[in-house]
Amino acid sequence: MLKKFALIVAMFILPVGAMAQSKFAHMNSQEVITAMPEFTKAQADIEALSKQYREEMQRSEEEFNRKYQELIQQQDSLPKNILERRSKEVQDMAQRQQQFQQEAMQAIEKAQQDAMMPIYKKLDEAVQTVGRTEGVVYIFDIARTPVAYIGTESIDVTAKVKAQLGIK
């Protein structure tokens, strides 16, 4: 009976003792990512793409407004069938413009995801390397997942991840 009790106590005490020796770390991925040159380039590329779409939308809107104003000015002097045809053209143009805006937003979002994917992959590889080097059990990312408390025992490896990526 005493042996069973000792065995049960040992089963509960050993994991607690092992946890006391475990090292935990945390980092701020947002701080690392914004310091990466790849991020700066990705942001510039996305901004350039956004600017192209904004310019095209503005050009399309100006063309729509011009056609709409022409229609309003000429509506009293046009025969009914021509007026209906031009009204339909303006409506179709408005629908195409709205569809283009949706497609542009989707294209920009996809481009941003595509640009960030290799950045996150590179970051994750650096975190893995630092984790192995530091011998930590977990590295919590305080930018991606809120952590309620970070004790003084937790090691901040943000600078080491930056160093692994060659960032100062």
- Task: Hey, could you check segment 123-135 for residues that are buried (at least 16 other Cβ atoms within 10 Å of the Cβ) and touching a helix residue (DSSP H, G or I) at 6+ places or on another chain (Cβ under 8 Å) and say which is farthest from residue 23 (Cα to Cα)?
- Result: 123
- Task: Could you tell me which residue of segment 55-84 is farthest from residue 167 (Cα to Cα), considering only residues that are surrounded by fewer than 12 Cβ atoms within 10 Å (Cβ to Cβ) and of a type in the set (Lys, Arg)?
- Result: 80
- Item | Criterion: under 30 Å from residue 136 (Cα atoms) and under 38 Å from the mean Cα position of the chain (by Cα) - qualifying residue of 62, 38 | 38
- Of (1) closer than 30 Å to residue 31 by Cβ; (2) without any contact (Cβ under 8 Å) to a residue 60 or more places away in the chain; (3) in contact with a Phe, Trp or Tyr (Cβ under 7 Å, 6 or more places away or on another chain), residue 124 fails just (3)
- Task: Quick one: count up the residues across segment 111-168 that are in contact with a Lys or Arg (Cβ under 8 Å, 6 or more places away or on another chain), part of a helix (DSSP H, G or I) and under 13 Å from residue 32 (Cβ atoms).
- Result: 2
- Kindly indicate whether residue 98 is more than 23 Å from the chain's Cα centre (by Cα) and in a helix (DSSP H, G or I). yes
- State yes or no: is residue 168 among the basic types (Lys, Arg) and either under 19 Å from the mean Cα position of the chain (by Cα) or at pLDDT 85 or above (or both)? no
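The values are calculated or read from the model by the stated rules, or taken from the named source; none is laboratory data. Everything numeric in this text was worked out from a predicted model, so none of it was measured. Glycine gets a Cβ as well: all are built from the backbone with ideal geometry, and neighbour counts include every protein chain shown.
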